[in-house]
Amino acid sequence: MQASVIVPTFNRRDLVLRTVSQLLQQNFPAAEFEIIVVVDGSIDGTADALRLLAPAGRLRVIEQENFGPSAARNAGYRAAEAELLIFLDDDMLCDPELLAAHVMAHKKAGRIVAFGSLFLSADTPPSLAAECFRREIGAFHLEREQRSGAEWRITDCVFSNASLSRALLEDAGGFDEAFRMREDLELGTRLFSLGVRPQYVAKAVTYQYYEKTSARLIHDAEAFAMGDVMFARKHPHVVIEGQLNWLAQQPLWRRRVWRLAASVPFVADFFLAPICGLCEALIRIQGFCNLGVRALQWRRRVHWLHTVLKLDPRAFKSAPAKIK
């Protein structure tokens, strides 16, 4: 057994069935990898549907209460038989060479955590949320393909398509189950502190079917804010570029504008939500698409900042001296 593929899922039966079906068709010896799906409290029949896909030897289904993605990933790796652990999200359509690319990366290197590429799937319905994904995450991975030697930052650690050895994950203490967001960043911080090297594996390609709505992205922004505050409290000496020090680095006038907007987020929504709605309806027109994406990004930032300041009013007091 060369690799154990771990897929956490929660109430996304149809998506995880597609992901697992493609994993079963990898260009990799069937006897040399296993798939472990951790059903994290789903009530939509996910577990029963998965068990019909493949013999138990190739696909194992673990059911647990809804404890969050960190707990689901920990449950998966603890049950794994292989030394190499590959983590995937439940909405990924995987290139047939994905497993081989991850396995080869670890044969050529030592203490590494390997990150594959992540793009938007071609069959994702057009939406402002999907366009944000394309311009943010998709653009990031496209740049990494073109600049393979670019520095990998802690904030780039996302375990939607990543692999590392069981020994390294256990040395780091596994995923912190207190985190339901930013668990990737938090684990990456601990791995980096142990001297683990990040490595980008461009040939390990996944395509995400993005079904999130604009409203869900707003909710996620608030959840990310909670994770950012938790991270800052757990790692007070680690300053993350683009996280809590973002506002502190802005000019004074801009800080005041953002703080004012964050103090009354419903006002920002009053002006920006109708713009998002109009642009969503006209998303195929490039000008409206661009405007809608920018309005949605502003709304996400306002709600993120509102939650951060509510949880920690002292945040952003001053700019940090150093960014790691």
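Identification of helices (runs of 4 or more DSSP H) wholly contained in segment 65-181 with 1 or more residues that are out of contact with any Leu (no Cβ under 8 Å at 6 or more places or on another chain) and either over 26 Å from His235 (Cα atoms) or in the same structural domain as Ile283 (by TED's automatic domain parsing) (or both) yields 69-79, 98-108, 128-133, 139-146. Arg144 meets each of the listed conditions (1) buried (at least 18 other Cβ atoms within 10 Å of the Cβ); (2) more than 27 Å from Trp298 (Cβ to Cβ) apart from (2). Residues that are more than 23 Å from Arg216 (Cβ to Cβ) and surrounded by fewer than 20 Cβ atoms within 10 Å (Cβ to Cβ) within segment 157-176 comprise Ser165, Arg166, Ala167, Leu168, Glu170, Asp171, Gly173, Gly174, Asp176, listed in sequence order.
All of (1) surrounded by 18 or more Cβ atoms within 10 Å (Cβ to Cβ); (2) outside the structural domain of His303 (by TED's automatic domain parsing) hold for Ile218 with one exception: (2).
Comparison of Leu296, Leu282, Leu278 shows that the only residue that is assigned by TED's automatic domain parsing to the domain that holds Leu244, touching a Ser or Thr at 6+ places or on another chain (Cβ under 9 Å) and at pLDDT 95 or above is Leu296. Summed over segment 1-60, the residues that are touching a helix residue (DSSP H, G or I) at 6+ places or on another chain (Cβ under 9 Å), within 21 Å of Arg166 (Cβ to Cβ) and either of a type in the set (Lys, Arg) or part of a helix (DSSP H, G or I) (or both) give a count of 4.
Looking only at residues in segment 221-244 that are β-branched (Val, Ile, Thr) and crowded, with 19+ Cβ neighbours inside 10 Å, which one is modelled with the lowest pLDDT? Checked segment 221-244; the qualifying residue modelled with the lowest pLDDT is Ile240. Assessment of segment 112-127 against the conditions (farther than 21 Å from Thr206 by Cβ, in contact (Cβ under 8 Å) with a residue 24 or more places away in the chain, among the small types (Gly, Ala, Ser) and surrounded by fewer than 20 Cβ atoms within 10 Å (Cβ to Cβ)) yields no matching residue.
Where the second residue is surrounded by fewer than 14 Cβ atoms within 10 Å (Cβ to Cβ) and at pLDDT 90 or above and the first is farther than 26 Å from Val308 by Cβ and lies in segment 256-284, which pairs have Cβ atoms under 6 Å and are six or more apart or on separate chains? Within 6 Å, the pairs are Ile283/Pro126.
The values are calculated or read from the model by the stated rules, or taken from the named source; none is laboratory data. A quick note: this is a predicted structure, and the numbers were derived from the prediction, not measured. Note: ideal-geometry Cβ built from the backbone for every residue, glycine included; neighbour counts use all protein chains shown.
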